[in-house]
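Read through the structure below, which is laid out as structure tokens, and then see the notes.
The values are calculated or read from the model by the stated rules, or taken from the named source; none is laboratory data. For clarity, every value in this text was computed on a predicted model and none was experimentally measured. Note that we place each Cβ from the backbone using ideal geometry, even for glycine, and neighbour counts take in every protein chain shown. Remember, those area values only see protein heavy atoms, side chains included, never the ligands or the DNA or RNA. Shrake-Rupley method; radii C 1.70, N 1.55, O 1.52, S 1.80 Å.
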Amino acid sequence: MEEEQPDATIILDKPNISVQIDEKTNQALNSEFLYYSSVLKIIATTLSNDADQSRAIPWIKKLFRPEYHTSSLKEKRNRYLLYLTLTMLNDELIGVFEVAPPLGPLRELSTLADYKIEAAAWERDDTWREILISLPEDFKPLECSVHQDPDVCKKDHRIDRILDQEFQFFLYLARPYAALMLNGDDRTKVACWLQTLCTIHGNNCSSMKAVRNDYMMALLGYIADLRSVGPFMEKPPWKTLPPLAQLAKESFDNSTLLDPTNAMANEFLQNQPVPEDGAFCYIALTGDLIQSSFGGPGP
């Protein structure tokens, strides 16, 4: 059996260093491993390059060897599996995976040279920067709707970079759909929403950036169907941006869905199949399911 002897020797020579990991961490590493295992089964066979497929198999076999199930090597194994999964999702093997795995122990990922690849189109998109430059000089940033304590808000920047990259990607996807909106009034409202969401940047806390991304994902889902729904049927708030669930609840109007003369009701009916014989009957039920189930006010 191939073993990572150098790593094991170092640990055994220093008995004062604990190699045991707590049960909670061990379970998390095992769950991670199962996730990567299931993903690799799917994407490994979809690699379009035959040479990449032939190189992927030895790496997978290496990382699935028994020694990498020991507590001292689980985290290292999972880091390699994450790296391998991400590169395979891009339909290529890059960096350390361009060559066969070593016969001996794997190097620490931190010691590997950085692999430079060309930025994706969404990473080079200037829409966000252009919107910020076009803001009027008297523009006032939105206030935080999450934190009550300003000091706590200022310290909340743990995942700014990830949230900003996610928003940049969604903005890149949303732009062409926004331009294709058929209704001119809807196009204007969507443009206002995109501009408002773009202003949550820089020193804004991670929590507000997470709220921003919630709105962006919901907006993208709707405009992909070339329509604006819920809170996006109105222009965005000018003072602060509450959590999406709160604003969606405030903007929801049952009457628009239940009124048979309303355009939304007509559009729904037009998209339904027409029976050759007989008829369909549609029934709309409203009310709070949870409260009514426990004896509260019902429909």
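Which FRET efficiency, nearest 0.05, do residue 113 and residue 134 yield, Cβ-Cβ r, R0 41 Å?
The computed FRET efficiency comes out at 0.50.
Run the accessible area of region 54-137 with a 1.4 Å probe and give the carbon-and-sulfur part as a rounded percent. Mind dumping the intermediate values first?
Working: 2840 of 5070 Å².
Here carbon and sulfur together make up 56 percent of the probe-accessible area.
Compare the peptides 106-114, 205-213, 146-154 by average per-residue count of other Cβ atoms within 10 angstrom and give them in order, highest first.
Sorting 106-114, 205-213, 146-154 by mean packing, highest first, produces 205-213, 146-154, 106-114.
Give me the number: length gained by fully extending residue 65 to residue 277, i.e. 0.36 nm times residue separation minus the C-alpha to C-alpha distance, one decimal in nm.
70.0 nm
Each label point is 7 Å from the Cα along the Cα-to-Cβ direction; what then is the distance between the points at residue 160 and residue 235, in nm?
3.0
Students often check this: by mean Cβ neighbours within 10 Å, which of 85-91, 46-52 ranks highest, and how do the rest follow?
85-91, 46-52
Tell me the Kirkwood hydrodynamic radius of region 73-188 in angstroms, computed as one over the mean inverse distance between distinct C-alpha pairs.
For region 73-188, inverting the mean 1/r across all distinct Cα pairs yields 19.1 Å.
According to a simple spin-label model (label point 7 Å from Cα along Cα-to-Cβ), what is the distance in nm between residue 175 and residue 214?
2.7
Using 7 Å Cα-to-Cβ label points, what is the residue 120/residue 195 separation (nm, one decimal)?
Those two pseudo-labels are separated by 2.8 nm.
What are the residues whose amide H is under 5 Å from the amide H of residue 240, where those residues sit 5 or more places off or on another chain and H is modelled from the backbone?
Amide H to amide H, under 5 Å and 5 or more residues apart or across chains, residue 240 pairs with 143.
Roll a 1.4 Å probe over the protein heavy atoms and report the accessible area of residue 103 in Å², nearest 10.
Rounded to the nearest 10, that gives 150 Å².
For 159, 57, write out the residues from largest to smallest accessible area, computed with a 1.4 angstrom probe and no ligands counted.
So, going from the largest accessible area down, we get 57, 159.
Keeping all protein chains in position, work out how much accessible area residue 169 exposes to a 1.4 Å probe, and write it in Å² to the nearest 10.
Spelled out: residue 169, probe radius 1.4 Å, area about 80 Å².
Counting Lys and Arg as +1 and Asp and Glu as -1, each charge on the Cβ, what is the dipole of region 117-263 about the Cα centre in debye, to the nearest 20?
My answer is approximately 100 debye.
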